[in-house]
Amino acid sequence: MEQIPFNKSSTVGKELLFIKDAIKKNHISGNGFYSKKCLDLFNTKYGFKNAFLTTSCTDALEMIALLLDFKKSEEIIIPNFAFVSCANAFEIHGAKIVFCDVNNNFPNLSYESLLKKITTKTKAILLIHYAGYPCDINKIKKLCKKNKIILIEDCAHAIDVEYGGKYVGSFGDFSTFSFHETKNISCGEGGMLVVNNKKFIRRANHIFHKGTNRKDFDMSLVNKYQWVDKGSSFLMSDLNSSYLYGQLKVINKIQSNRKKIFSWYIKKLSSLKANLNYIFPDIFYSEKFNGHIFYLICESKVQRLLLLDYLKNNKILATFHYLPLHQSKYYKKNYKRLENNDKNLKNSIFFSDRLLRLPIYYGLKENQVDYICDKVKYFFKERIA
Ligand SMILES: *Cc1c(COP(=O)(O)O)cnc(C)c1O
């Protein structure tokens, strides 16, 4: 068996043809033919009316930070089990970062923990639909409305996920997506900002266009464009959009392949779950996942390390996930908030220590999944006996 990587990118549809065509069209910078094609598709299929293709999800988050104009001491609450950018994008634009915990059965933001962290200074809440599993959005949205708090959905894992008849990404004031190589739909590096709160659309256009009213100029509303706001260069190049469009055109094929792999894991590991109930969450059986992540929960950090090593020695590259952000070097140095202590963030520490992700990518074969599951079962067999 050849080495099985953790992730692998695949050209599945007409990505290469579209790249060639973008070059032929003589417009490979932002806002070209393929960027518009992608945005049209996001609008018609997902209902994202006001979307911006960005160079990354991190950049989309930064756009939100600029739009929200954080004043000194204004806070954003973020799950502690999160990617660095979720905090950093706001940190560099003046927000104070406050962490809340995740649930004990699944690493989505915990509503109870969130309630405890809201103060009069809370300006925004960011949630992550971890592994594409939707957070309790309606409940959180209600809470935000009541307290006049901006809601941000980080949908980096959650493309093409439905919740209550609508697509994830259409609930918050803002939502962000990632098309990084490691995500379900990719163009190497890329992202998207969706602005659902109409109040922010005009400024979003300025910030997106390097702080200018270029959009008004393009629409012939003004005869020259100029510096009108803060901003930066956020546009995705049409070379990337053309690749992205190739992927989006075959999104059903990509998603169904990933979901099939996810279901193989469940089926092939359920005998293990019969003995080790905690090994993966029950909702893996009952809910629709988008095949972004399949994970196992180990008994301890030490056991996870042993399993990672064991798999690696068998040419399988598995990996852990986020480190608790409140324990990071940067946060400890720059924040001394007593409320962000280990005790009230213990579920995120639990998942940081024990969660192990198995390979999942378009085109992973069933015999490879068989091989991986056999090795996993063998590893645990000795421990159960
Ligand atoms: C990948 C990821 C990001 C960052 O995406 P980039 O496009 O690489 O900037 C942000 N948030 C979450 C939850 C992610 O998984």
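Miscellaneous remarks
- For the residues Ala124, Ala156, Ala131, the requirement of being small (Gly, Ala, Ser), in a helix (DSSP H, G or I) and under 18 Å from the mean Cα position of the chain (by Cα) singles out Ala131.
- Number of the condition not met by Cys187 [criteria: (1) open to solvent by less than 10 Å² (accessible area, probe 1.4 Å); (2) assigned to a loop (DSSP other than H, G, I, E, B)]: (1)
- Output for the range 359-382, where each listed residue is in contact (Cβ under 8 Å) with a residue 60 or more places away in the chain and part of a helix (DSSP H, G or I): Glu366, Gln368, Val369, Asp370, Tyr371, Ile372, Cys373, Lys375, Val376, Lys377, Phe379, Phe380
- Residues (modelled with pLDDT of 95 or more, more than 14 Å from Gly188 (Cβ to Cβ) and open to solvent by 40 Å² or more (accessible area, probe 1.4 Å)) located in the range 1-20: Gln3, Phe6, Lys14, Leu17, Lys20
- Within the range 163-183, the set of residues being more than 9 Å from the ligand (Cβ to nearest atom), surrounded by fewer than 24 Cβ atoms within 10 Å (Cβ to Cβ) and touching a residue at least 24 places away in the same chain (Cβ under 8 Å) comprises Tyr163, Gly164, Lys166, Tyr167, Ser170, Phe171, Asp173.
- If you go through the range 190-203 and keep only what is away from the ligand (no atom under 12 Å from the Cβ) and surrounded by 17 or more Cβ atoms within 10 Å (Cβ to Cβ), you end up with Val194, Val195, Asn196, Phe200, Arg203.
- Extreme residue, most open to solvent (accessible area, probe 1.4 Å), among residues of the range 43-70 that are touching a Phe, Trp or Tyr at 6+ places or on another chain (Cβ under 7 Å), within 16 Å of the ligand (Cβ to nearest atom) and not aliphatic (A, V, I, L, M): Thr55
- When Ser73, Ser29 are screened for being away from the ligand (no atom under 16 Å from the Cβ), touching a Lys or Arg at 6+ places or on another chain (Cβ under 6 Å), assigned to a loop (DSSP other than H, G, I, E, B) and open to solvent by 20 Å² or more (accessible area, probe 1.4 Å), only Ser73 passes.
- Given (1) outside any helix (DSSP H, G or I); (2) buried (at least 19 other Cβ atoms within 10 Å of the Cβ), index of the condition Lys288 fails: (2)
- Residue that is farthest from Lys8 (Cα to Cα) [pool: residues in the range 149-162 that are near the ligand (Cβ under 10 Å from one of its atoms), in contact (Cβ under 8 Å) with a residue 40 or more places away in the chain and out of contact with any Cys (no Cβ under 7 Å at 6 or more places or on another chain)]: Ala158
- Residue in the range 229-237 that is touching a Leu at 6+ places or on another chain (Cβ under 9 Å), closer than 28 Å to Glu15 by Cβ, surrounded by fewer than 24 Cβ atoms within 10 Å (Cβ to Cβ) and among the hydroxyl-bearing types (Ser, Thr, Tyr) present: yes
The values are calculated or read from the model by the stated rules, or taken from the named source; none is laboratory data. None of these values were measured; they are calculated from a predicted model. So basically every Cβ, Gly included, is an ideal-geometry build from the backbone, and we count neighbours across all protein chains shown. All accessible areas refer to the heavy atoms of the entire protein, side chains included, with ligands and DNA or RNA removed. Shrake-Rupley method; radii C 1.70, N 1.55, O 1.52, S 1.80 Å.
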